[in-house]
Amino acid sequence: MLRYKMTLIFIVVATILLGLGMLGAMPARADNHRVLWRVRLDGYSLGRRVDVGPDGTLYTSNINRLYAYTPSGTLLWTVEGAGGGRPVTFGPDGTIYTGGGLVTAINPDGTVKWRFSNPRPGLDLAAGPNIGPDGNIYAAQDTDGDPLALGVFSLEPDGNLRWSTGLDYPMIGLRGPSYTDILFDTDRMYITVYRRLSRPPTIRTYSYDGNLMWYSGDMLLAIGGPPQLHPNGNLIFNWAQTGIQSLNKDGDLQWISEHPGNGSLLLVPYITDDGSIYVGDWLGTDWWVANSDGSTQWVGPSTGEMLGGYAVTPDNTQIVAGGSDGFGTPNWVRGYSTAPSGERLWSVELPPENGLTQFAGSIGTFSSDSRTVYLATSFPGNADYGYLYALDISLDLDCDSDGVLDINDNCVCTFNPDQLDSDNDGIGDVCDPFILPDNCADALELCVGVTEGNTIGATNDGTSSCNNFPTFNHDVWYTYSPSVDGMVTIDGSGSAFTFYISVHSGCPGTIANEITCDWDSVSGIWPKVTFNAGVGETYYIRVTGRAEVEMHSYMLTVTGPECAPPPMPCLADMNDDGMVDVLDFFAFIIAFSNADPAADLDGSGSLDVLDFFTFVALFAAGCP
């Protein structure tokens, strides 16, 4: 039990650090034709954002440079010493405001209009800059106990300081990429303050002349994450890890609502213009859509996918999310329906590079027609570079012109108007790389080399000793028969998931006939089993994910004796009943009379008297 708990802790911690998931899910369809373009940006680290201007121009930044791109991916200009991952906001005259110095104002052509210098260079922005409804600029500087720091401050559009709170705004101390936007209501603004390490954030509410109206710490409010401003003026944010809560503009609690399904680690809510509140679960999707009073519109199933961030398209037809399928798997960007099913519509994989996972940063920048999403990616553990992507998220694409829209096509870019899917794994037969060996009796042969597979749609017909909840497993089966005696190793290293391998002497495979079982002996992640195989024996190999997890991919590397050659066919057994008797004689006569190629026993390509004599000789010899 201790080892099991420690392993779970390892997986969760590694997941937080690497932005990876740890549960299985449906197979991702090949929708990478949706990538319209991507450009490489150097010095691009985790958490960078993309903002879009009124004219459709895209803005993103690395640690010290702001980039402006056309919607088609053409670079317009860059500004050194601006951006830094901070918000990019726009004045009514087209002026662009962002971080840099503390605040930098830029003309639409990329020339610097003015810079507001940082009085304490070691203390950077923690929120903003953003343009308020009065046209002035608002931001918050980390004070960290420095009497000369600005705290919350406001600038006029020409860069003159209007006011600052100084140490009335005590400390943020955050040293990371989570720069937040300031939320504006008619007569007040809300600033989310992240504190050191893992301490939860607080909310400070100010009037537009800099007076503190209320502070969540004074009111003993438990803030589970940055709030979102509802169209009705209330603040919506996480409650514990399993629900959401609402405060009115004065900080009074209005309601608390818990996830009605399996949600256990809920992410920051996303609120649409119609007031719908969308919430996803970090470990399982579990889409939940709530009304403005906290009641439920609909709740989706737990899919096993791990979410990183999400947003809803302006036309309210899709939830676009970033995440991964499992520990060590590539990250992706996916679209889900906003209809009550919450079904997945498309998926675009973000391929790893140089052994590092490509991670989707903030998601929520869309074209005005909802047909394109823009996002930035980075590689955790490496701040050298990242990418700016544009993805076509249209729902009317038909990549292979087979008359089936991509969102419904089981082979997205392979022509298959019949949509045949013999093994019901969600992948059409014409593009399915393997057939599911679901039952032990139908096991596929496993030989020396690399074999890939999945367990999507598999049922359960076996157990193993090293797997918790084995009767809930979705297992698949292989057989191994060696050509000579020897040690055999089956290694799952490099697979997308942690999973289980067990070897059995009989079928169905059970704990009683188990030879060996493993799930994490390689780096605490992947399984590897080794056993002594004897010639003439058949061994049954069971592969399964943990508990009810369905794996969209796994890899088995087999070393040891080559597989025994298949037995010679018994050509005289014409009716394939495993015996040679008079019924086979009649079966040959019928096949010969009907010119059936099965009666061409001498392989000449034609039926003649020589086939008859060949059958008589085979019949007399019997089967080996």
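The values are calculated or read from the model by the stated rules, or taken from the named source; none is laboratory data. Just so you know, these numbers come straight off a predicted model, no measurement behind them. Glycine gets a Cβ as well: all are built from the backbone with ideal geometry, and neighbour counts include every protein chain shown. These accessible areas exclude ligands, DNA and RNA; they are computed on the full protein's heavy atoms, side chains included. Shrake-Rupley method; radii C 1.70, N 1.55, O 1.52, S 1.80 Å.
Here are a few things to note about the model shown:
The rows are residues; the columns are (1) modelled with pLDDT under 95; (2) among the hydroxyl-bearing types (Ser, Thr, Tyr).
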| site | (1), (2) |
| --- | --- |
| Thr60 | yes, yes |
| Arg65 | yes, no |
| Gly81 | yes, no |
| Pro92 | yes, no |
| Gly100 | yes, no |
| Asn107 | no, no |
| Trp114 | no, no |
| Ser117 | yes, yes |
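- Of the criteria (1) in contact (Cβ under 8 Å) with a residue 60 or more places away in the chain; (2) more than 26 Å from Glu562 (Cβ to Cβ), which one Thr510 fails: (1)
- Matching residues in region 380-413 - criterion: being touching a Gly at 6+ places or on another chain (Cβ under 7 Å) and either assigned to a loop (DSSP other than H, G, I, E, B) or surrounded by 20 or more Cβ atoms within 10 Å (Cβ to Cβ) (or both): Pro380, Ala390, Ile393, Asn410, Cys411
- Condition met for Arg65 (more than 27 Å from the chain's Cα centre (by Cα), farther than 14 Å from Thr365 by Cα and among the basic types (Lys, Arg)): yes
- Residue-level check: of (1) open to solvent by less than 20 Å² (accessible area, probe 1.4 Å); (2) in a loop (DSSP other than H, G, I, E, B); (3) at pLDDT 90 or above, Asp369 misses just (1).
- Against the test of being without any contact (Cβ under 8 Å) to a residue 40 or more places away in the chain, surrounded by 14 or more Cβ atoms within 10 Å (Cβ to Cβ) and touching a Leu at 6+ places or on another chain (Cβ under 6 Å), the options Asp611, Asp596 yield a single qualifying residue, Asp611.
- Taking the numbered list (1) farther than 25 Å from Asp398 by Cβ; (2) in a strand (DSSP E or B); (3) open to solvent by 20 Å² or more (accessible area, probe 1.4 Å) in turn, Ser362 passes all entries but (2).
- Residues (among the small types (Gly, Ala, Ser), outside any strand (DSSP E or B) and out of contact with any Pro (no Cβ under 9 Å at 6 or more places or on another chain)) located in region 63-100: Ser72, Gly73, Gly81, Ala82, Gly83, Gly84
- Restricting Leu350, Leu345 to those that are modelled with pLDDT of 90 or more and touching a strand residue (DSSP E or B) at 6+ places or on another chain (Cβ under 6 Å) reduces the list to Leu345.
- Criterion applied to Trp255, Trp282 was being in contact (Cβ under 8 Å) with a residue 12 or more places away in the chain and either over 21 Å from Ile363 (Cβ atoms) or not hydrophobic (A, V, I, L, M, F, W, C) (or both), and the one residue passing it is Trp255.
- In summary, Ser483 fulfils each of the numbered conditions (1) in contact with an Asp or Glu (Cβ under 7 Å, 6 or more places away or on another chain); (2) surrounded by fewer than 21 Cβ atoms within 10 Å (Cβ to Cβ); (3) in contact (Cβ under 8 Å) with a residue 60 or more places away in the chain; (4) more than 20 Å from Leu444 (Cβ to Cβ) with the single exception of condition (4).
- Of the strands (runs of 3 or more DSSP E) lying entirely inside region 240-332, those carrying at least 3 residues that are more than 14 Å from the chain's Cα centre (by Cα) are 243-247, 253-258, 277-281, 285-290, 296-299.
- If you go through region 451-480 and keep only what is modelled with pLDDT under 80 and open to solvent by 60 Å² or more (accessible area, probe 1.4 Å), you end up with Glu452, Asn468, Phe469, Thr471, Phe472.
- Boolean, Asp423 is touching a helix residue (DSSP H, G or I) at 6+ places or on another chain (Cβ under 7 Å), surrounded by fewer than 22 Cβ atoms within 10 Å (Cβ to Cβ) and part of a loop (DSSP other than H, G, I, E, B): no
- Verdict on Ile131 being open to solvent by less than 10 Å² (accessible area, probe 1.4 Å), at pLDDT 90 or above and β-branched (Val, Ile, Thr): no
- Taken as a whole, the condition of being modelled with pLDDT of 90 or more and not hydroxyl-bearing (Ser, Thr, Tyr) applies to Ala533.
- Complete set of residues in region 338-348 that are surrounded by fewer than 20 Cβ atoms within 10 Å (Cβ to Cβ) and within 16 Å of the chain's Cα centre (by Cα): Glu343
One line per residue, one yes/no per condition, for (1) open to solvent by less than 50 Å² (accessible area, probe 1.4 Å); (2) over 23 Å from Pro201 (Cα atoms):
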{"residue": "Asn238", "(1), (2)": "yes, no"}
{"residue": "His259", "(1), (2)": "yes, no"}
{"residue": "Asn262", "(1), (2)": "no, yes"}
{"residue": "Leu266", "(1), (2)": "yes, no"}
{"residue": "Pro269", "(1), (2)": "yes, no"}
{"residue": "Ala290", "(1), (2)": "yes, yes"}
{"residue": "Thr296", "(1), (2)": "no, yes"}
